[in-house]
Amino acid sequence: MATVTDATELESAFAALTRDGFAVLPDVLSPEEVKRVRARLVEVARSERTAGIDRNPKWEDGPNNQRVFGLLNKGVEFADLVEHPVALGLMAHLLDPMFLLSSITANITGPDGHPMDLHYDQDYVPVPWPPFPLVANIIWMLDDFTEENGATRFIPGSHREDHTGWTPDVMNRRGEETVAVGGRAGSLVCLDGRVLHQTGANRTADQLRHGVIAYYCQPWIRQQENASLSLLPELWPTLSPRVRQLVGLQMYHGLGCVSGPTQRGFRYR
């Protein structure tokens with residue numbers, strides 16, 4: 001995939017991640033790339049709604065939001081996003097160089113939505129946490145993200161706070177501290193797994209806001225999606241070596257073995 005992002009923009013993003021816990025990089029995808037990925041997501045989402053398998057947590061995001069899971073099974077367009085060089089550069093900055101893909105999903109916000117609960121993305125890890133993120137996210141904007149259509153909201157700098165005692169009630173009382181972080185279609189927002197954030201409320205009359213969320217983790221953290229079981233068998237031969245590593249097929253310091261340290265079978269070729 002093409003990108004207009006240069007080293008200077010990445011350095012600026014690194015500084016924003018340190019200061020705020022999130023960073024926006026504009027126009028990472030070309031309009032043609034946005035059109036291609038968005039069209040595939042719209043097709044998949046429509047198919048799942050028709051089949052009645054759109055697993056939408058309505059209590060969480062509102063009655064008209066839709067989540068789409070397991071995107072690696074649903075289009076090469078999404079595999080391209082997983083190994084996009086800008087995404088990989090951001091994750092290599094935040095995580096161990098052998099980081100993994102934890103999952104790749106979509107969040108489509110619809111009218112009459114409400115804000116998601118404030119949360120951070122490593123809430124399954126006991127506190128106190130080490131002074132670095134254990135997980136991190138890339139949100140790919142396939143439409144313009146605006147405050148009106150539910151752009152992600154953040155509390156800047158909250159990744160540097162002491163998270164001890166942060167119950168859901170404590171976090172949600174801080175809603176007035178959030179700021180909406182938007183951008184043009186083709187942009188991305190990268191976030192440290194410790195920063196407080198939420199999906200915003202879509203207050204438009206008829207707009208759907210499409211976003212793809214690539215969730216990465218340290219190589220010694222359990223992945224959200226169990227790729228060894230969930231990826232379709234016929235998909236494995238089509239994956240690039242980098243994507244195979246990202247979904248967990250490469251050993252890391254003795255972790256991820258198959259009957260010992262020698263990896264065998266067609267998936268490792």
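With a 10 Å cut-off between alpha carbons and a GNM built on the chain, which of 125, 212, 34 moves the most?
125
In nm, what is the difference between 0.36 nm times the number of residues separating residue 170 and residue 112 and their Cα-Cα distance? Please report the intermediate quantities before stating the final value.
Details: separation 58, 0.36 × 58 = 20.88 nm, distance 2.54 nm.
So the extension gain works out to 18.3 nm.
If you plug each phi of the range 145-150 into the Karplus form 6.51 cos²θ - 1.76 cosθ + 1.60 with θ = phi - 60°, what whole-Hz ³J(HN,Hα) values come out, in order, with x for Gly and Pro?
8, 10, 4, 6, 9, x
Report, in cubic angstrom per residue, the convex hull volume of the C-alpha atoms of the range 72-193.
Considering the Cα atoms of the range 72-193, their hull volume per residue is 130 Å³.
Seen from all sides and averaged, what is the projected area of the convex hull of the Cα atoms in the range 78-125, in nm²? Each step should come with its number before you reach the end.
Values: hull surface 20.1 nm².
Averaged projected hull area, Cα only: 5.0 nm².
Kindly provide the pair-distance distribution of the chain built from C-alpha pairs, with 5 Å bins from 0 and whole-percent values in order of increasing distance.
Percent of pairs per bin, in order: 1, 6, 13, 17, 19, 18, 14, 8, 4, 1, 0, 0.
Rounding to the nearest 20 debye, state how big the charge dipole of the range 7-268 is about its Cα centre with +1 on each Lys and Arg Cβ and -1 on each Asp and Glu Cβ.
On the way: 24 positive and 32 negative charges, 156 e Å.
The dipole of the range 7-268 has a size of about 740 debye.
DSSP loop (so not H, G, I, E, B), at most 10 other Cβ within 10 Å: list which chymotrypsin sites (Phe, Trp or Tyr not before Pro) in the range 95-178 pass both filters. All intermediate terms of the calculation are to be shown ahead of the outcome.
Values: sites: 99, 120, 124, 140, 145, 154, 166; in loops: 99, 120, 124, 166.
Answer by residue number: 124.
How about the range 104-184: which trypsin sites (Lys or Arg not before Pro) there lie in a loop by DSSP and see at most 11 other Cβ atoms within 10 Å?
Answer by residue number: 173.
Given R₀ = 45 Å, FRET efficiency for residue 180-residue 259 by Cβ-Cβ distance, to 0.05?
Details: r = 50 Å, r/R0 = 1.11.
Step by step, r from the Cβ atoms, then E = 0.35.
How much length is gained if the chain between residue 234 and residue 51 is pulled fully straight, taking 0.36 nm per residue apart and subtracting their Cα-Cα distance, in nm to one decimal? Provide the component values of the computation, followed by the final result.
Numbers: separation 183, 0.36 × 183 = 65.88 nm, distance 2.26 nm.
63.6 nm is the gain from fully extending residue 234 to residue 51.
Across 10 Å bins from 0, what is the distribution of all Cα-Cα pair distances for the range 125-267, in whole percents?
9, 30, 29, 22, 9, 1
In deg cm²/dmol and to the nearest 500, what is the mean residue ellipticity at 222 nm of the chain if only DSSP H runs of at least 4 residues count, each as -39500 (n - 2.57), divided by the residue total? Kindly include the intermediate steps, with their values, before the conclusion.
On the way: 8 runs with 71 residues, N = 269.
Dividing the helical sum by the residues of the chain leaves -7500 deg cm²/dmol.
Just so you know, all these numbers are worked out from the coordinates, no wet-lab data involved. In this text the structure is predicted, and so the values were computed from the model without any measurement. Cβ sites come from the backbone with ideal geometry, for glycine too, and all protein chains shown count toward neighbours.
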